[in-house]
Structure formats: structure tokens, C-alpha cells
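*Asks:* The structure under discussion is supplied below as C-alpha cells; questions concerning it will follow.
The values are calculated or read from the model by the stated rules, or taken from the named source; none is laboratory data. Here the structure is a predicted model, which is why all the values come from computation and not from measurement. Neighbour counts are summed over all protein chains in view; Cβ atoms, including those assigned to glycine, are modelled from backbone coordinates with ideal geometry. Accessible surface is based on the protein model in full, side chains and every heavy atom, while ligands, DNA and RNA are left aside. Shrake-Rupley method; radii C 1.70, N 1.55, O 1.52, S 1.80 Å.
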Amino acid sequence: QSDMTTITTVGSLLYAFTFPAGVLFDFAGPQYVLGVATALSCLGFIMLALIFQDVISPSVYSVAAANGLTNWGAGFTDCGSLMTNLFNLPISRGEIMIIQKTFFGLGSTFLSLCFDGFFGATDNYIGYAAFVCVLIFVTGSLGAAVTRLPKYKRTTRDLKRIAGLGPVEREQERLVEERTFELFHNPRLVDRRRLNAGVLCLFVTLVFFSLFSIIKAYVSIASGVLTGLTVLACLCLLSFFVMVAPFDLPAFFDFAFLPDLHPPEELEDKPSGKGASGPQRSALKSNNDGRTVVVMVDDNVQEETNDGRTSAFLPQRASIAGNSSPISIPQAVAPSTIPSISTGFGTNILQPIIWCFWVSGFAMFGANTVIIQNLSQIFTAANGGVYDKSLNSLIVALSGIGSACGRILIGFAEMYLHRRNAILREAQLVHQAQLGDGAGAASTVDMTPIYHRWDSSVVFLMPLCPATMVVCALLLVFCPVDAFPVLFFVCGVAMGGFLATFALGIREIFSVDVAKHYNFVSSAGMLSSVLLNRIMFGMWYDREVENHPAPDGVTCSSSACFSGPLYVLSGLNLMAIGSSFLIVYRWRNVRRTF
């Protein structure tokens, strides 16, 4: 157990040691981070192949080093790809979280299926390592070649370059940033068919991978059939390329996972004509039922709304809610964005909110490392020292499925809250315009509740994750083995939900040095892997094996072998609940002042 714990701890340690990736990301950009990630992962699998060929002496340290390099590369890839896409699609973060974060979690399942289908019959570990190395090199090189940050998000190197330009060139760069920001935040320019296609491909892949893993654990599948199913798994991954197909996707993908949200009827005003131009002024118009709204009237061009009323709402001023039929905001009212902490990492590291994130990450990452990575040991000990391969494989599959479900749930929550907050904010802006033009008395809507309804954030769901982990950790001690599949599934949901809320929260709260903040909090996983997995669980388990040995003399045969560490994890996650509530309290106060 100590050797296995050492190998998994080194992997978890280096996977979390991605602060250098954050520094490189903020300084030079994601393409360099992905290049380093590709090199590290390829080096790890090359080293693994050499170990199987006895070129490198097989030992705990050599295997741990190879495992650490592959995990380190995976951590760099997460930073270089996820943060980049959150900047490139800033109003589609929910879809990004659903597609990318869940897709990232399916990688281990895909690689295990590839081994069973292509190399498992002959136990060709060398061929498997070479296959994965080539796959990582091709995909990583492609990602490094095409992945770039948008122009409105400048790296430190870009800022230094712009600082050396003349006044005219600096003004041109500033205008480019403003135009790019408006372009990337315009929902009418988001190709939702491609995002819908990606989400649909993800659901198909998740269902196929899950069923494949569960059936393979209980049913003996012929080698040829297994290879054919593995080819289908590869096709599921290739199907994601439909998102970047060089042609318009069919109307089949023109659907909505969430219904359109609309403001109070009194504040709706939807244009149907072309954009107006020329001088504009604000004016009060009356609806057919006598209620008053604010419109912007173009003295040269007048447009007709759907119900025949004159309006000068500009159709190019798209709704930030991202609805298929967005409402418009009067031109005189400038919609503002969610405030964020605009100070750098060096300043924010002295602030309590970043340390609240770190404490929550320490508890959750530690619980995930101990419970999920030592799943077989916990299951065998609870089962009286008897290892049930089928049930253990089922638990492994369900924990992975649970993690994917947690990320998907948070992704949909982000989609809903973003659109709900935006539509309420637009209603509030229109109401403020009415008050400014003296129309407040004519409005029949009490907008006061809206001021405090649009400040919901997906960050507010974070305390649910450690609370769920506390319940599951305690139930694992007292419940029978038959309940383990459900408990490990719920543990996976809690961890997947935390990973999603943590990434979205960092991106939402901090606007400068985002990658440094993200990877600093991830560094909590380094310390938790050493203290909670290698030292606490590993030493506790080895000591209890002497007191409660299984018939094989290697494993443990009592719940006492893991109950102590789980009690400690429960206490740490109770502390994480408190730190999460502090994050919610602080961020809610910031949003309510906007």
C-alpha cells in the first residue's frame, strides 16, 4: 500500500503543481503552456515505455516519476485550454464548462477503453504507451498551434510591447481591445448551433462510455467485439470536430437547452426593422394599454415594432442574456458588466477571499484524492478483505460518471443564472431610464425586488459541494458495501460540482492574473496529497493491516482501516463549508453594490 500511495501521491502532487503554468499563461499566453504540457506528457509515456522494456530499471521511483510527468502535463493542459476558452466565449461559460471540463474528465475512461480494446488481449503495455504518446503529441501540437487569447485579454508580454509604442499606436491598440471586447460579448455573434452540437456529442459520449465501462465489468466480451466498440469510442471523440466544421450546421442543432427568459411585460420592447442611424433622443411612448416606456427616437429614421408602435431601439444592441429573441436596451443607457477584483495576484494573495478558496480546495482535493484514488482499498476493507472485481469496476465507473454529472449540473446552472441575471439587469436599466426621464410615476411595475434578484451567481452553490462530501464520508464508514456504488457516485457529483464552481468562480471574481489565481488555489491539492493521502491515509492503512489483516495478508479487512481518515476528511470539509460561505458572503456583497 505504501508503494501504491507513493505513486499516486507523486501524480497528484505534480498535477496540482501548476502555478508555473499560470505564470507562463499570464506572461506569454496559452500556446506556450500547451506546448510545455505536450512535452511533459509525451516524456512521461516515453519513460513508461522504457520502463516496460527494462531500459530504465523498474522501481517505485521510476514509475512514480513517469506517472508524475504525465499528470503534470495534464495539469498544464487544463490551465492552458480551460481558461482560454472561458475568455474566448465569455458569455457561454456554462456550455464551456459542460463540454470541456466534462470532456477532460472522460480522458481516463477513454484511455482504459483503448487499452482493453487494442492492447489488452496481449497485455502490450509498450504499444499502449507509444499509442498514447503519439496521440498526445498530435493533439497537443495542434492545440498549441491554434489556441490564442482574444485581443481584449492582454498578456504581460503584450502590455510591455504596447508600452513601448507611440501614442497613436497605443490608441489603436486600445480601440482594438474595445472592439474585440464588444465582439466577444455580443450573443448574436455566438454560433449556438456549434455549442449545441458539442453538448449533444458530450451526452452521447458520456452515455456510451458509461455503458461500455459497466457492461465490460460484468460481461465477458469477445476480443473482436471489444475492438469494434473501442473504435466506436474513438469515433465519439472525433465527433466533437463537428464544432469546427467549415460549413454551417443544419437547423437540427438549432434548439435551446433552456427556455428563453423574458423581463416583466411592462418593460418589453422588441424591434423588427433594420438598424437606425442619425441623431437620437429619448422619448416616452405609450403602449396600447396606456403604460409608458422609454424609447430612443431617431429623428431621421423611424422603425415599426411588432405591434405597430414607433421605436428606435437599435437591433444591433444585443441582449446580454443570450436569448434567441433578446430584448433591447435604450441607446442612452450603458449596460455595465459584473464587477470583478481588478488588482493583481501579488495584492490579492493578502486578501481573505483567495485563501478561502484555498482552504476549500485543500479539503475537497484531499477528499477526492483519499476517497477516489484509494477506492479499491476502501471497498476491499469494507467487504471483509474480499475483492469483488465486478462491483469494484462498477464503483469506479459510477464515480467517474458522478464527476461528469456534477460538472454538467453546474454548467447548466451557470447557463440559467447568466441569462436570468442579464434579463433582470436589462429590466433594471430600462426602469432607471424611465425614472431619469420622469416616467417612474407612470410605470406600473415595482422594480425594487429586481435590484436584489439579479445578483445570483454559480459561486453561491459552492458550499453544497463540501457539505455533500461530509455526508458521504460519514456514510461510507457506517453503510454496508451494497450502498457504496451510490455513495461513490454522489462523491463524484460533489467533486465534479466543486471543480466546476471553483473554475467559474475564479474566472468571475478575478479579472487580472486569472491563471495565477486559478493555479494557486490548485496548489492546495499538492499539500493535501502529501498530508492527507501519503502520510495520513497510507500510514493509517498500513498500521491497521497489522491489526485487521485480510486472508491474503496484504489488504485490510475492517472498516477501521479507513474510518479514521474519513473522520478527518469530514472535519476538514466542515471547515470548507465555512470558508465557502465566506466566499459567498463577500462576493454577494460586492455584486449587490453594483
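*Asks:* Open to solvent by 10 Å² or more (accessible area, probe 1.4 Å), modelled with pLDDT of 90 or more, in contact with a Cys (Cβ under 6 Å, 6 or more places away or on another chain) and aromatic (Phe, Trp, Tyr): is that true of residue 131 in this structure? Can you show your working first?
*Replies:* On the way: open to solvent by 10 Å² or more (accessible area, probe 1.4 Å): yes; modelled with pLDDT of 90 or more: yes; in contact with a Cys (Cβ under 6 Å, 6 or more places away or on another chain): no; aromatic (Phe, Trp, Tyr): yes.
Judged against the criteria, residue 131 is not a match.
*Asks:* Could you please let me know if residue 193 is assigned to a helix (DSSP H, G or I) and touching a helix residue (DSSP H, G or I) at 6+ places or on another chain (Cβ under 6 Å)? Walk me through it before giving the result.
*Replies:* On the way: assigned to a helix (DSSP H, G or I): yes; touching a helix residue (DSSP H, G or I) at 6+ places or on another chain (Cβ under 6 Å): yes.
Yes.
*Asks:* I'd like to check which helices (runs of 4 or more DSSP H) are fully inside region 1-104 and have at least 3 residues that are modelled with pLDDT of 85 or more and open to solvent by less than 40 Å² (accessible area, probe 1.4 Å).
*Replies:* The qualifying helices (runs of 4 or more DSSP H) are 19-28, 30-52, 60-88, 93-96.
*Asks:* For the condition in contact (Cβ under 8 Å) with a residue 24 or more places away in the chain, in contact with a Leu (Cβ under 6 Å, 6 or more places away or on another chain) and not basic (Lys, Arg), what is the one hit in 80, 105? Give the derivation first.
*Replies:* Details: 105 fails: in contact with a Leu (Cβ under 6 Å, 6 or more places away or on another chain).
Unique residue meeting the criteria: 80.
*Asks:* (1) at pLDDT below 85; (2) assigned to a helix (DSSP H, G or I); (3) touching a Pro at 6+ places or on another chain (Cβ under 6 Å): which one isn't true of residue 587, the others all being true?
*Replies:* (3)
*Asks:* Okay, next question. Which condition from (1) of a type in the set (Val, Ile, Thr); (2) open to solvent by less than 30 Å² (accessible area, probe 1.4 Å); (3) closer than 14 Å to residue 366 by Cβ is the one that residue 459 breaks?
*Replies:* Answer for residue 459: the failing condition is (3).
*Asks:* Quick check on region 161-179. Is at least one of its residues in contact (Cβ under 8 Å) with a residue 40 or more places away in the chain and surrounded by 13 or more Cβ atoms within 10 Å (Cβ to Cβ)?
*Replies:* Within region 161-179 (the criterion being in contact (Cβ under 8 Å) with a residue 40 or more places away in the chain and surrounded by 13 or more Cβ atoms within 10 Å (Cβ to Cβ)), the answer is no, since none of the residues qualifies.
*Asks:* Take residue 471 and tell me if it is modelled with pLDDT of 90 or more, in contact with a helix residue (DSSP H, G or I) (Cβ under 9 Å, 6 or more places away or on another chain) and surrounded by fewer than 17 Cβ atoms within 10 Å (Cβ to Cβ).
*Replies:* On the way: modelled with pLDDT of 90 or more: yes; in contact with a helix residue (DSSP H, G or I) (Cβ under 9 Å, 6 or more places away or on another chain): yes; surrounded by fewer than 17 Cβ atoms within 10 Å (Cβ to Cβ): yes.
Yes.
*Asks:* Can you tell me which of 375, 398, 350 is modelled with pLDDT of 80 or more and open to solvent by 50 Å² or more (accessible area, probe 1.4 Å)? Walk me through it before giving the result.
*Replies:* On the way: 375 fails: open to solvent by 50 Å² or more (accessible area, probe 1.4 Å); 398 fails: open to solvent by 50 Å² or more (accessible area, probe 1.4 Å).
Going through 375, 398, 350 in turn, the sole match is 350.
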